[in-house]
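The next block holds one structure in the form of structure tokens; read it before the comments.
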Amino acid sequence: MEKIGFIGMGNMGSAILKGALKTFPKTDFVFSAKTDATKQRVHEETGVVYADSNAECANRCKYLILAIKPQFYDEVLKGIRYMLTPEHVIISLAPGRTIEQLKQNLGSDKRIVRAMPNTPAMIGEGMTGISCRKEELSAEELETLMRIFRSCGSAEFIEERLMDAVVCASGSSPAFVYMFIEALADSAVRCGMPRSQAYVFAAQAVKGSAAMVLESGEHPGVLKDRVCSPGGTTIEGVAALEECGFRSAVMKASEAVYKKCTEV
């Protein structure tokens with residue numbers, strides 16, 4: 001198989017690589033990183049070879065994943081632009097950067113894919129939205145894209161106009177979930193539970209609840225109602241959350257994420 005290259009080995013790049021290594025052999029990969037220390041560390045952790053430069057990495061692969069922070073995008077693209085060919089499949093993880101914008105930067109003949117994964121990809125539980133102009137890719141190439149991202153969790157093709165919504169729904173939201181788990185554990189500690197146990201109970205409750213939504217196919221509101229007995233403890237907690245604007249706060253957080261995406 002043609003090699004899969006990564007430019008950037010920050011949180012997201014390393015998460016996807018480590019997830020993908022559960023499906024692909026290490027010989028299918030090559031990467032580059034900003035510092036020699038990072039290159040050596042990732043090589044020692046994964047066994048994957050590294051390139052001395054971003055341009056060399058691009059030259060040695062067909063599928064090129066740009067796992068770089070948005071503020072470094074223009075600099076990196078400038079350095080690899082003349083190494084890219086119409087045979088490359090260029091996968092951008094940058095929120096807010098459209099396919100058309102990237103084509104204007106790299107050339108109209110370049111084949112661009114946008115993907116928005118999240119950090120649970122590191123443990124094989126990621127969720128990735130993928131957008132591309134499917135007519136530009138072969139069936140085999142589309143299948144390879146799905147293999148890469150499904151090796152680290154779930155993945156779905158989505159219309160490009162919805163990519164910023166993907167950032168809201170799954171890209172940034174793990175941070176919100178971690179905050180909820182932390183707050184829930186704090187409340188259990190306040191009631192006397194040891195902190196180590198509180199995190200386990202809270203995290204497993206979130207994990208199990210998410211699995212119920214996915215596996216049952218039922219509306220989250222229906223599942224919530226089943227936990228709320230008339231006059232019971234849970235409905236009291238739900239009322240308190242509503243009084244404090246829980247749902248409104250979540251929606252406002254997602255709106256802030258969306259606004260930031262559209263500012264790029």
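The values are calculated or read from the model by the stated rules, or taken from the named source; none is laboratory data. Keep in mind the model is a prediction, meaning the values are calculated, not measured. Glycine also receives a Cβ, built like all others from the backbone with ideal geometry; neighbour counts cover every protein chain displayed. These area figures cover heavy atoms from the full protein model, side chains too; ligands, DNA and RNA do not enter into them. Shrake-Rupley method; radii C 1.70, N 1.55, O 1.52, S 1.80 Å.
Condition test on Gly232, is it open to solvent by less than 50 Å² (accessible area, probe 1.4 Å), more than 18 Å from the chain's Cα centre (by Cα), over 30 Å from Phe29 (Cβ atoms) and small (Gly, Ala, Ser)? Full working, then the answer.
Working: open to solvent by less than 50 Å² (accessible area, probe 1.4 Å): yes; more than 18 Å from the chain's Cα centre (by Cα): yes; over 30 Å from Phe29 (Cβ atoms): yes; small (Gly, Ala, Ser): yes.
Criteria met by Gly232.
When Ala94 is tested against the conditions (1) of a type in the set (A, V, I, L, M); (2) at pLDDT 90 or above; (3) not in a helix (DSSP H, G or I), the lone failure is (2).
If you go through segment 210-219 and keep only what is open to solvent by less than 70 Å² (accessible area, probe 1.4 Å) and under 18 Å from Phe180 (Cβ atoms), you end up with Ala210, Ala211, Val213. Answer yes if at least one residue in segment 111-134 is crowded, with 21+ Cβ neighbours inside 10 Å, in contact (Cβ under 8 Å) with a residue 12 or more places away in the chain, of a type in the set (S, T, N, Q) and assigned to a loop (DSSP other than H, G, I, E, B), and no otherwise. So far as segment 111-134 goes, yes, one or more of its residues are crowded, with 21+ Cβ neighbours inside 10 Å, in contact (Cβ under 8 Å) with a residue 12 or more places away in the chain, of a type in the set (S, T, N, Q) and assigned to a loop (DSSP other than H, G, I, E, B).
If the condition is being more than 22 Å from Leu184 (Cα to Cα) and among the small types (Gly, Ala, Ser), then segment 232-264 contributes only Ala256.
If you check Ala58, Ala94, Ala67 for being among the small types (Gly, Ala, Ser) and open to solvent by 10 Å² or more (accessible area, probe 1.4 Å), only one passes: Ala67. The condition of being open to solvent by 60 Å² or more (accessible area, probe 1.4 Å) and under 23 Å from Val167 (Cβ atoms) holds for only one of Lys224, Lys207, that being Lys207. Val48 is checked against (1) in contact with a Lys or Arg (Cβ under 6 Å, 6 or more places away or on another chain); (2) without any contact (Cβ under 8 Å) to a residue 24 or more places away in the chain; (3) closer than 21 Å to Gly153 by Cβ; (4) not hydroxyl-bearing (Ser, Thr, Tyr) and fails just one. What number does that condition carry? So Val48 meets the others, but not (2). Considering (1) among the hydrophobic types (A, V, I, L, M, F, W, C); (2) at pLDDT below 95; (3) open to solvent by 30 Å² or more (accessible area, probe 1.4 Å), the lone condition that Phe157 does not fulfil carries the number (2). Among residues of segment 158-183 that are closer than 21 Å to Leu145 by Cα, those with a beta-carbon under 6 Å from a residue that is in a helix (DSSP H, G or I) and open to solvent by 50 Å² or more (accessible area, probe 1.4 Å) at least six positions away or on a different chain give the pairs Asp164/Tyr258. Screening Gly192 on (1) under 29 Å from the mean Cα position of the chain (by Cα); (2) on the phi > 0 side of the Ramachandran plot shows it passes everything except condition (1). Is one or more of the residues making up segment 149-165 in a helix (DSSP H, G or I) and among the small types (Gly, Ala, Ser)? Yes, that holds for at least one residue.
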